[in-house]
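Notes follow once the structure below has been shown.
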């Protein structure tokens, strides 16, 4: 086995690379499996293991196999697979998927994320926008979430490619609502406008964590303020487009910091918020600092609604695109957090934040 900068390199055609190994992709560039190099002494796990409310539906079933076959046939990547989403069984069995554009390799290395990291050196699949639209049509989707890896190797960060996929979907299925969960485009607002002008209904960019924890949680090239500025610009540019962001909890944030983040989002015009539990995808990633209880998620949702968000979908297994089509239903996307934990008393006054 060869090495590159002391990291073992395996060919994609050889045995599947292990987490943290560098491998050669089919397009000829190198990438690190799961995004983070192997660490010699992984952070310790929380004692007691995962609580019972973090059990997800198994990724089996006819609906799951149909979606899996469709995305394979059209050479598409899904964030459901690449980011090891715990809801893949539930969502794919319901016939929904979040499609990841511009390949499976990200130019950034956030310490919470299991997407492979590397430099695609300008590679793009020119047929991907049309393949994406055809897949959406075949699946009969009324609502689709498009996301992508960061592509800092491209002059526009992939904005034109992203917009082309939205337009292709609208050309084939005009009634399909499109949500775009995008990179930050390095804060270049004309690239943000390229995507916002493509005909989508929802523009999303994730803050991911509270201000204090942005680094080391996110890649050094990402920023708390930059994400907020991107969201604010999208809202100013097209006020009718809904803006959306997401927070992972359990990384060491305080409740005061959660409230501060909510207030920052609202002051930048964010309409929709999702809150979910951070789960370490591999031993090389950041450790979980605490498991947030289902009733705490209910309480945080009430704080968000009291601050003027149109909806806050909040629960242990919620991810930024979870049940996205139900974002404006006003019912926490159908989640019942109370039922996740037997025998717990009703939450206290949930409308009060820690600063109130």
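Does region 233-255 hold any residues that are in a helix (DSSP H, G or I) and surrounded by fewer than 17 Cβ atoms within 10 Å (Cβ to Cβ), and which are they?
As a first pass, look at region 233-255 and keep what is in a helix (DSSP H, G or I): 233-237, 255.
If the condition is that a residue be in a helix (DSSP H, G or I) and surrounded by fewer than 17 Cβ atoms within 10 Å (Cβ to Cβ), then 236, 237, 255 are the ones that fit.
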**Asked** Yes or no: residue 261 modelled with pLDDT under 95, over 30 Å from residue 39 (Cα atoms) and in contact with a helix residue (DSSP H, G or I) (Cβ under 9 Å, 6 or more places away or on another chain)?
**Response** no
**Prompt:** residue 266 versus (1) out of contact with any helix residue (DSSP H, G or I) (no Cβ under 6 Å at 6 or more places or on another chain); (2) under 28 Å from residue 285 (Cβ atoms): which is the lone unmet condition?
**Reply:** (2)
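Would it be correct to say that residue 308 is part of a loop (DSSP other than H, G, I, E, B), modelled with pLDDT of 90 or more and surrounded by fewer than 21 Cβ atoms within 10 Å (Cβ to Cβ)?
In short, yes.
One line per residue, one yes/no per condition, for (1) in a loop (DSSP other than H, G, I, E, B); (2) within 30 Å of residue 289 (Cα to Cα); (3) modelled with pLDDT under 80:
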site: 18; (1), (2), (3): yes, yes, no
site: 23; (1), (2), (3): no, no, no
site: 31; (1), (2), (3): no, yes, no
site: 42; (1), (2), (3): yes, yes, yes
site: 45; (1), (2), (3): yes, yes, yes
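The values are calculated or read from the model by the stated rules, or taken from the named source; none is laboratory data. Just so we're clear, the structure is a prediction, and the values are computed from it rather than from any experiment. So basically every Cβ, Gly included, is an ideal-geometry build from the backbone, and we count neighbours across all protein chains shown.
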